[in-house]
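Participant: Mind looking over this structure? Questions follow.
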Amino acid sequence: MDYQKLQNGSDIRGVALEGIEGQHVNLTEQACRDIGRGFALWLAKRTANRPLRVAVGRDSRLSGPTLANWLCEAMASEGLMVTDLGLASTPAMFMTTVTEGYHYDASVMITASHLPFNRNGFKFFTEKGGLEKQDIAEILALAGADEHTGLPDGSIEPGIFMDVYAAQLVEKVRTASGCDTPLDGMRIVVDAGNGAGGFYAEKVLRVLGANTDGSRYLDPDGHFPNHIPNPENEQAMESIMEAVRETKADLGVIFDTDVDRAGAVLSDGSELNRNRIIAMLSAILLREHPGTTIVTDSITSTGLARFIEARGGVHHRFKRGYRNVINESMRLNAEGHDSQLAMETSGHGALKENYFLDDGAYLVTRLLIELARGKREGYTLESLIADLAEPAESREFRMNILLPDFKPYGQSVIDDLTAYAANLPGWSVAPSNYEGIRVNLDKEHGDGWFLLRLSLHDPLMPLNIESDSVGGVLTIAKQLYAFLKQYDKLDTSAMAAFV
């Protein structure tokens, strides 16, 4: 098969199990073994002639153990010294490359994040961070070639790292708070969605003194029988909100399957995700790093921009895609502009102080530090974002492009709309926009904004609309539909039904 079809940005993803009609396995044994060989070749080409050590971990997916066996055997046959760490989180796998006493040359995480049970994939790390798109393309090209390292056989041995990683998080809170059990007397509940995040309740929160009774779905189960492990999923968020209400918890925490994303619920029952969690972390970091730049994806709200600017920070909207946001923040720092946080509304968030690693558990740990600080000084987490202006309405339309070669058509729609918007009264094209077209509209024309863009990978044009007035989204949507309906290869049926 053409292994390049398995590339999904800076990850590899595919179908690992039968069970969904029309989706056939393409992460076959041969594919996984070839990918393991391809990664061994990629690593060997970049490393001095010495034994190479690689760690492998996986989330709770049903196919994980089998894929791990195939991958480990393939890398060992190419001369790598492989340690199988079993159940792990994606951020922990990166940390194996930089933690004293471990310092693996590279690591591999077997995960497909929040995708359905039949999917799986691979993420790769070195001490420099996650591999980029071009690295994945090279690994897949090597996987499809008849090439070997020529090294003598390596080895496979079991190992444990999650305890070490959890202890790092515990120490972070203890150092910041100056107390061994700063969460004593607090109830904090976790919903791991049967993914890999259940460790956080026992190995972090309880160690710090928190009562975690009422936590949900901590046991790993790749069937995901309760809800999708995804902080963006409404059912998942309702689950953790219910847990907070039932237990009267001080904080609720929810992770995605491999724990690189997180969301939370505050003690008043309100959600802490999307713009709100970015605002919370921005408030904390701007107190510690005045004037820093917060890099976000393109669909963050006008209210968030004003919130950051009111605290002396710089809000820099960039492209969707967590690697895009992280790389942009790193670029700014390299040019001498301090940027402490790169975060998507999806819950992917990376801090400069933590290797720019998108780590849901680390973000929550930062919230714990603030929770303990607030307890000492007499304020709540809620108070940090009390002045965040939130839209009255928001809506997303996802419009398919009905063409195989979809990108030129989608770009022509954006170009035409940009020219059209520039001459309309009440419409103002955003001056700094890095993908698609973002337009602000005055009160008469909808009192909000919209962003139309091309999907990163799919024949799709997402349209996000927000308004500060009730009924504003409909007003904006009607104006846009009148323009977009002329494009017969753009499926605007969802908009038609709405307007």
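The values are calculated or read from the model by the stated rules, or taken from the named source; none is laboratory data. Only a predicted model underlies this, so the values are computations on that prediction, with no experimental measurement involved. Heads up, the Cβs are rebuilt from the backbone with ideal geometry, glycines too, and the neighbour counts pull from every protein chain shown. Surface areas here come from the heavy atoms of the whole protein model, side chains and all, with no ligands, DNA or RNA. Shrake-Rupley method; radii C 1.70, N 1.55, O 1.52, S 1.80 Å.
Participant: Being of a type in the set (Asp, Glu) and touching a residue at least 24 places away in the same chain (Cβ under 8 Å) narrows it down to one residue among Asp415, Asp387, Asp442; which is it?
Facilitator: Asp387
Participant: Could you check how many residues of the range 269-278 are closer than 14 Å to Leu368 by Cα and at pLDDT below 95?
Facilitator: The total comes to 0.
Participant: Oh, and also: I want to confirm something. Restricting to the range 1-44 and keeping residues that are open to solvent by less than 30 Å² (accessible area, probe 1.4 Å), small (Gly, Ala, Ser) and touching a Gly at 6+ places or on another chain (Cβ under 9 Å), which single residue is modelled with the lowest pLDDT?
Facilitator: Ranking the candidates gives Gly9 first.
Participant: Check whether at least one residue in the range 327-336 is small (Gly, Ala, Ser), touching a residue at least 24 places away in the same chain (Cβ under 8 Å) and under 17 Å from Asn273 (Cβ atoms), and report yes or no.
Facilitator: no
Participant: While we're on this one: Applying the selection to the range 184-209, what residues are part of a strand (DSSP E or B) and either open to solvent by less than 40 Å² (accessible area, probe 1.4 Å) or among the acidic types (Asp, Glu) (or both)?
Facilitator: Once the filter is applied, which keeps residues that are part of a strand (DSSP E or B) and either open to solvent by less than 40 Å² (accessible area, probe 1.4 Å) or among the acidic types (Asp, Glu) (or both), the range 184-209 yields Ile188, Val189, Val190, Asp191.
Participant: Scan Ser77, Ser89, Ser60 and give me the residue that is of a type in the set (Ser, Thr, Tyr) and open to solvent by 20 Å² or more (accessible area, probe 1.4 Å).
Facilitator: Of Ser77, Ser89, Ser60, the one residue that is of a type in the set (Ser, Thr, Tyr) and open to solvent by 20 Å² or more (accessible area, probe 1.4 Å) is Ser77.
Participant: Only one of (1) under 26 Å from Thr492 (Cα atoms); (2) at pLDDT 95 or above; (3) open to solvent by 40 Å² or more (accessible area, probe 1.4 Å); (4) under 22 Å from the mean Cα position of the chain (by Cα) is not met by Lys319, so which one is it?
Facilitator: Checking Lys319 against (1) under 26 Å from Thr492 (Cα atoms); (2) at pLDDT 95 or above; (3) open to solvent by 40 Å² or more (accessible area, probe 1.4 Å); (4) under 22 Å from the mean Cα position of the chain (by Cα), the one that fails is (2).
Participant: Only residues that are free of Cβ contacts under 8 Å to residues at least 24 places away in the same chain and of a type in the set (D, E, K, R): list them for the range 68-126, please.
Facilitator: Glu100
Participant: Does the range 133-153 include one or more residues that are in contact (Cβ under 8 Å) with a residue 60 or more places away in the chain and in contact with a Cys (Cβ under 6 Å, 6 or more places away or on another chain)?
Facilitator: no
Participant: Now for a separate question. Of all the strands (runs of 3 or more DSSP E) wholly in the range 429-499, which have at least 1 residues that are closer than 18 Å to Ala392 by Cα, open to solvent by less than 50 Å² (accessible area, probe 1.4 Å) and in contact with a Lys or Arg (Cβ under 9 Å, 6 or more places away or on another chain)?
Facilitator: Per the criteria, 448-452, 460-467.
Participant: Step by step: first the residues of the range 233-250, then only those that are touching a Lys or Arg at 6+ places or on another chain (Cβ under 8 Å) and not basic (Lys, Arg), then the one that is surrounded by the most Cβ atoms within 10 Å (Cβ to Cβ). Which residue is that?
Facilitator: Ile240
Participant: Also, quick follow-up: Out of Ile308, Ile284, which single residue is surrounded by 22 or more Cβ atoms within 10 Å (Cβ to Cβ) and over 24 Å from Ala192 (Cα atoms)?
Facilitator: Ile308
Participant: Give me the pairs: first residue in the range 210-231 and crowded, with 18+ Cβ neighbours inside 10 Å, second residue among the aromatic types (Phe, Trp, Tyr), beta-carbon distance under 8 Å, and six or more apart or on different chains, which are they?
Facilitator: From residues that are crowded, with 18+ Cβ neighbours inside 10 Å, the pairs are Gly222/Phe117; Phe224/Phe117; His227/Tyr217; Pro229/Phe255; Pro231/Phe255.
Participant: Still on this structure: Kindly provide the set of residues from the range 431-470 that are of a type in the set (Gly, Ala, Ser) and either touching a Gly at 6+ places or on another chain (Cβ under 9 Å) or closer than 15 Å to Asp416 by Cα (or both), ordered by number.
Facilitator: Within the range 431-470, Gly436, Gly446, Gly448, Ser455, Ser467, Ser469 qualify.
Participant: Is it the case, given these coordinates, that Leu266 is within 20 Å of Arg376 (Cβ to Cβ), under 21 Å from the mean Cα position of the chain (by Cα) and either at pLDDT 95 or above or open to solvent by less than 50 Å² (accessible area, probe 1.4 Å) (or both)?
Facilitator: It is true that Leu266 is within 20 Å of Arg376 (Cβ to Cβ), under 21 Å from the mean Cα position of the chain (by Cα) and either at pLDDT 95 or above or open to solvent by less than 50 Å² (accessible area, probe 1.4 Å) (or both).
Participant: Do we have Phe117 as closer than 20 Å to Asp11 by Cβ, crowded, with 22+ Cβ neighbours inside 10 Å and either at pLDDT below 95 or within 21 Å of the chain's Cα centre (by Cα) (or both) here?
Facilitator: So Phe117 fails the test.
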